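Here, each number is a calculation from the coordinates, and none is a lab measurement. If you're wondering where the values come from, they're calculated on a predicted model, not measured in any experiment. Cβ atoms come from the backbone with ideal geometry, glycine included; neighbour counts cover every protein chain shown.
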Amino acid sequence: MHLTLHMTNRCNLKCKYCFVPHGKCSMTFDIAMRAIKLAMKDQQPTGLLFYGGEPLLEKEVIYKIVEETQKIKAKTGHIFHYKMTTNGTLLDEDFLKMAKKVNLTIGMSHDGLAQDDNRLFHDGGGSFDVLEEKIELLLKYQPYAVGLSVVDPSTVHKAAETVEFLYKKGFKYITVGMNYDRIAPWDNEKMLILMDEYRKMADMYRNWVRNEEKIYLSTFDMKILSHLKGENYNADRRTQSKNQISVGPDGKLYPGSKYLDKPDFEIGDVFTGLDEARREEIYEMGTDPLDICKKCAIRTRCNYVYDSIRLVDGEVVTDISPVQCAHERLVTPIIDEVAEQLYKEENALFLHKHYNELYPVMSLIEDNL
């Protein structure tokens, strides 16, 4: 079992599109260790994702968790994997040295040249300048750190240049996430702009591959994977999702981060244990897609067909956002066109990357020669 440890709901930024209800709650070392010992019961390697709010506000607790789990590993042989998502403003060299030592992978949220549009400090000041030296420091210790960007309706016209910015800064792994909040003002005009931005990204992706640059752009590479895996694509994603339990600062357990602090989605706590029956019940609710999804031509490739359980007006329902649906219909043919072109060209990097299961290992070895 893997855990998302929501270390705190506090944050030193006040991003306009943030979905986390901010407060003053923080996870104690005791609650974290109770959750970890609960996860270890399945005897499988345990993945720990430090999340927030801003998890580095609880840096000392993270240090203690890593130290204690390393002791457990030395004593029992139990394997731990560590990840963290951070806004990056509180990163320092000491933490990065520790992260490198235990292979703690860091994802930094950064919206490129749109950073100061939405990712602001509480006093209204921008965070772009603060992160300039932090990016350099992060990539010094973690060349494979992940750059995480969010596309909001207010900054959709900057989506492609955000990807280009992260690439030029040195990020080799880049993710582009949409702000799907139902109150976000997406309309036809914004979606058409998004289509143009994806076409610009398609040109970048095509050129990277042709120039043999090993860049992972999640939206493109995952959609290509969905074509190759077919029915197994979402089956695998759902299995992974089921095994990633979110732990609130108070120790309550949820089937995912988006359900945090919603009592209807509680599946136990670190004190009484995991409610397997409730966990399975919620999981099963998402196994039967909506009728509109069942008839969709890209059902097996849609990232949201089995991710549609939500709370609407106090009731747990299966429902998909029209924006999510429109996004998948928009982006899939753009990516397919690029992939088909590179395939017909018999591009060596493209074929190696997507059709050789040993590619990740071989690529890593090659990069370290």
Quiz item: If only Cα atoms are counted, what is the Rg of the chain, and what is its Dmax, in Å?
Solution: 20.6, 58
Quiz item: For LYS344 and GLU189 in one chain, what is 0.36 nm times their gap in residues minus the Cα-Cα distance, to one decimal in nm?
Solution: 52.5 nm
Exercise. Report the percentage of all Cα-Cα pairs in segment 83-229 whose separation exceeds 22 Å, rounded to a whole percent.
Key: 43
Quiz item: Quick one: Cα centre-to-centre distance for segment 231-310 and segment 145-187, in angstrom?
Solution: 25
Exercise. Determine the gain in length on full extension of the stretch GLU67-LYS101; use 0.36 nm per residue of separation and subtract their C-alpha separation, reporting nm with one decimal.
Key: 11.1 nm
Quiz item: Normalised by the residues of the chain, what does the relative contact order come to in percent, with Cα pairs under 8 Å and at least six apart?
Solution: 15
Self-check item: Per-selection Kirkwood Rh - segment 53-144 (Cα, Å, 1 d.p.)
Solution: 14.4
Quiz item: For the pair GLU337 and LYS75, what calculated FRET efficiency results from E = 1/(1 + (r/R0)^6), where r is the Cβ-Cβ distance and R0 = 45 Å, to the nearest 0.05?
Solution: 0.25
Quiz item: For LYS101, which aspartates and glutamates qualify as cross-link partners when the Cα separation must be under 15 Å and same-chain residues fewer than eight apart are set aside?
Solution: GLU67, GLU68, ASP92, GLU93
Quiz item: Where is the GNM fluctuation largest for the chain (alpha-carbon springs, 10 angstrom cutoff): LEU49, LEU194, LEU228?
Solution: LEU228
Quiz item: List the trypsin sites (Lys or Arg not before Pro) in segment 135-188 that DSSP assigns to loop (not H, G, I, E or B) and whose Cβ has at most 15 other Cβ atoms within 10 Å. Which are they?
Solution: ARG182
Quiz item: Once you put a point 7 Å from the Cα of GLU366 and another 7 Å from the Cα of VAL130, both along the Cβ direction, what distance in nm separates them?
Solution: 3.9
Self-check item: Those Cys residues of the chain for which no other cysteine Cβ falls under 4.7 Å
Solution: CYS11, CYS25, CYS293, CYS296, CYS302, CYS325
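DSSP loop chymotrypsin sites (Phe, Trp or Tyr not before Pro) in segment 245-281 with at most 11 other Cβ atoms within 10 Å of their Cβ, which ones? Don't skip to the answer; put the middle values down first.
Working: sites: TYR259, PHE265, PHE271; in loops: PHE271.
Within segment 245-281, the qualifying chymotrypsin sites (Phe, Trp or Tyr not before Pro) (loop, at most 11 other Cβ atoms within 10 Å) are PHE271.
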Practice problem: Sum -39500 (n - 2.57) across every DSSP H segment of at least 4 residues in the chain, then divide by the residue count to get the 222 nm mean residue ellipticity, nearest 500. | Solution: -14000 deg cm²/dmol
Quiz item: Along the charge dipole of the chain, Cβ charges K/R +1 and D/E -1, which of GLY124, HIS81, THR4 sits furthest on the positive end?
Solution: HIS81
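Grab the Cα-Cα distance for MET33 and HIS352, subtract it from 0.36 nm times how many residues apart they are, and report the gain in nm with one decimal.
Working: separation 319, 0.36 × 319 = 114.84 nm, distance 4.14 nm.
Separation in residues times 0.36 nm, less the Cα-Cα distance, equals 110.7 nm.
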